[in-house]
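Asks: Handing you a structure now.
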Amino acid sequence: MIVPVTPETERRWAAMSAAVYGTVTPEEMLEELGESLPHEFVYIKSGEPVAMLSLSLRRDYVEGTRRSPVGYIEGIYVEPEYRKTGIARELIGFAKEWSREMGCEEIASDCYLDNSTSRAFHKAVGFSEAGVNVHFTMDI
């Protein structure tokens with residue numbers, strides 16, 4: 001069952017989100033969003049959150065898309081012991097339907113270039129690679 005994050009599930013959501021990004025702690029995830037979790041969902045199995053899905057609507061340019069807005073998968077995570085059970089595919093189906101309901105005709109996502117597991121997953125559930133970007137920064 002896929003449900004919005006609630007006060008009862010936000011700590012598990014934050015831990016799974018932190019695992020996705022790898023650069024923040026669960027506490028930082030909760031602090032960053034404050035009391036606003038507008039498009040955050042968890043997958044409940046046997047009464048416990050075992051996966052998370054973070055969605056957004058993007059109206060800015062999204063690599064490879066032709067229309068706006070675009071439903072965007074900001075993060076998706078399934079606890080290791082529940083992987084390869086169909087939960088991630090179910091979350092993608094939910095993301096597609098949510099995006100349609102929000103007026104989108106396209107859905108997009110991204111991952112790090114060296115994340116071969118995520119790249120393979122995206123392709124397996126029907127995404128096509130739109131491009132590869134390298135980003136640069138400079139302290140001034």
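The values are calculated or read from the model by the stated rules, or taken from the named source; none is laboratory data. All values derive from a computational prediction rather than experimental measurement. Cβ sites come from the backbone with ideal geometry, for glycine too, and all protein chains shown count toward neighbours.
Asks: Test each condition in (1) touching a Pro at 6+ places or on another chain (Cβ under 8 Å); (2) surrounded by 10 or more Cβ atoms within 10 Å (Cβ to Cβ) for Arg59 and report the one that comes out false.
Replies: (2)
Asks: What is the residue count in segment 123-140 for residues that are under 25 Å from Glu90 (Cα atoms) and either charged (D, E, K, R) or out of contact with any Gly (no Cβ under 7 Å at 6 or more places or on another chain) (or both)?
Replies: Residues flagged as under 25 Å from Glu90 (Cα atoms) and either charged (D, E, K, R) or out of contact with any Gly (no Cβ under 7 Å at 6 or more places or on another chain) (or both) within segment 123-140 amount to 7.
Asks: When you check Thr23 against the structure, is it modelled with pLDDT under 90, polar (S, T, N, Q) and either more than 15 Å from the chain's Cα centre (by Cα) or more than 27 Å from Asp114 (Cβ to Cβ) (or both), yes or no?
Replies: Spelling it out, Thr23 is indeed modelled with pLDDT under 90, polar (S, T, N, Q) and either more than 15 Å from the chain's Cα centre (by Cα) or more than 27 Å from Asp114 (Cβ to Cβ) (or both).
Asks: Taking the condition out of contact with any Ser or Thr (no Cβ under 8 Å at 6 or more places or on another chain) and either touching a residue at least 12 places away in the same chain (Cβ under 8 Å) or loosely packed, with under 13 Cβ neighbours inside 10 Å (or both), does Thr85 pass?
Replies: Answer is no for this residue.
Asks: Here's a follow-up. Residues that are of a type in the set (Gly, Ala, Ser) and closer than 24 Å to Ala130 by Cβ, at least 2 per element: which helices (runs of 4 or more DSSP H) completely within segment 1-119 meet that?
Replies: It comes to 87-101.
Asks: Looking only at segment 65-75, decide whether some residue is closer than 18 Å to Tyr43 by Cβ, surrounded by 16 or more Cβ atoms within 10 Å (Cβ to Cβ), β-branched (Val, Ile, Thr) and under 17 Å from the mean Cα position of the chain (by Cα).
Replies: Checked segment 65-75: at least one residue is closer than 18 Å to Tyr43 by Cβ, surrounded by 16 or more Cβ atoms within 10 Å (Cβ to Cβ), β-branched (Val, Ile, Thr) and under 17 Å from the mean Cα position of the chain (by Cα).
Asks: Within segment 6-60, which residues are under 21 Å from Glu90 (Cβ atoms), of a type in the set (Val, Ile, Thr) and free of Cβ contacts under 8 Å to residues at least 40 places away in the same chain?
Replies: Selection gives Thr6, Val50.
Asks: Can you tell me which residue among Ser46, Ser54 is of a type in the set (Gly, Ala, Ser) and touching an Asp or Glu at 6+ places or on another chain (Cβ under 6 Å)?
Replies: Ser54
Asks: Which one of these does Ser46 not meet: (1) of a type in the set (Gly, Ala, Ser); (2) more than 18 Å from Ile76 (Cβ to Cβ); (3) crowded, with 16+ Cβ neighbours inside 10 Å?
Replies: (3)
Asks: State which residue is nearest to Glu79 (Cα to Cα) when the search covers only segment 1-18 and only residues that are in contact with a Phe, Trp or Tyr (Cβ under 9 Å, 6 or more places away or on another chain) and buried (at least 16 other Cβ atoms within 10 Å of the Cβ).
Replies: Met16
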